[in-house]
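Coordinate-derived values only; no laboratory data. In this text, all values refer to a predicted model and were calculated from it rather than measured experimentally. Please note: Cβ atoms are built from the backbone with ideal geometry, for glycine as well, and neighbour counts cover all protein chains shown.
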Amino acid sequence: MTLVRRSSWDPFGNLVRQMDRDFDNITRRFFGNQGVEGFVPATNVERDGSDVVVKLELPGVDIAQDVEVEVTDGRLSISGHRRTEKTSGEDGAVLLREIRTGAFRREFNLPEGVTAEQVEASYDRGVLEVRVHEVSKPEPAPTKIQIADRRQGDGKAELS
């Protein structure tokens, strides 16, 4: 399964991620957490034999209520949200809040022919695991290329 394969060195991707982190830090510093809504859960994509396994870190998320895994139009979508825990009383005042809350969404391209029946999801100890079974790269059919014969003759090329 080709899930948007990228090289390990991506200067533009790293730059964008760094700019996002810097912007989030500035927003948090000046406006508190009100300006930062949502998060991007840390994700690993691994091959396990003929399966592809996508793992997302989602501690503190109510999987049954707040997470959806869908296969639509050749894409695997994992979305949901982490709710903010309410604190009450003077003793429950928040002094520092770094745990991100809000909505999240991750999408992955699936190879042609993968159906929802090949996908299963499970959750254990804060990690959502989505397994796509029997993913194989389609073998392109060999295509024979005709060779033009440009030998001396009547000027017409013969194909062999």
(message) Within 10 Å of each candidate Cβ there may be at most 10 other Cβ atoms; applying that plus a DSSP loop requirement, which trypsin sites (Lys or Arg not before Pro) in the range 38-86 survive?
(response) Lys86
(message) Under a crude label model (7 Å from the Cα following the beta-carbon direction), how far is Glu134 from Asp149 in nanometres?
(response) 4.7
(request) Would you calculate the separation in nanometres between label points at Thr84 and Glu107, each defined as 7 Å from the Cα along the Cα-to-beta-carbon direction? (result) 2.8
(request) May I ask for the net charge around Gly74, where only other residues with Cβ less than 14 Å from the Cβ of Gly74 are counted and Lys, Arg are +1 while Asp, Glu are -1? (result) -3
(request) Could you please report the charge total around Glu107, scoring K, R as +1 and D, E as -1 over all other residues with beta-carbon less than 13 angstrom from its beta-carbon? (result) 0
